[in-house]
Amino acid sequence: MGIAKYEIFGTDGTWRVRHDGKAENEYATKEAAFEAVIAAASIALRQGHDVTVTAPSSQLRQGRPPSRDFRESEMASACSR
């Protein structure tokens, strides 16, 4: 199977998720975008895809938000909690 990559980006009040080069939906909060990504990523994972989710942290460093990649093993452990 392929790789399903999801990237959360935006600013307060306007958050989007980039997947397959598109960012069609808009979310009011970063957390709402994250919840939508996890639902989609769960389906992709079940279908056998490798999954990567990237979301900016809440803290800015040197003018650029740092990111955290959640790999398949981290997703599985997070979903089983």
statement: Within the stretch 15-44, residues within 10 Å of the chain's Cα centre (by Cα) and not in a helix (DSSP H, G or I) come out as 16, 17, 18, 19
task: Being of a type outside the set (A, V, I, L, M, F, W, C) and at pLDDT 95 or above is the filter; apply it to the stretch 3-13 and report the residue that is least open to solvent (accessible area, probe 1.4 Å).
output: 6
task: Considering each residue of the stretch 1-40, count those that are in contact (Cβ under 8 Å) with a residue 24 or more places away in the chain and either of a type in the set (S, T, N, Q) or more than 17 Å from residue 56 (Cα to Cα) (or both), and give that number.
output: 5
message: Can you tell me which condition residue 74 does not meet? The list is (1) modelled with pLDDT under 95; (2) part of a strand (DSSP E or B); (3) not small (Gly, Ala, Ser), and all the others hold.
response: (2)
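The values are calculated or read from the model by the stated rules, or taken from the named source; none is laboratory data. Computed from a prediction, not measured in an experiment: that's the story for all the values here. Every residue, glycine as well, gets a Cβ built from its backbone with ideal geometry; the counts of neighbours run over all protein chains shown. The area values use the complete protein model at the heavy-atom level, side chains included, leaving out ligands, DNA and RNA. Shrake-Rupley method; radii C 1.70, N 1.55, O 1.52, S 1.80 Å.
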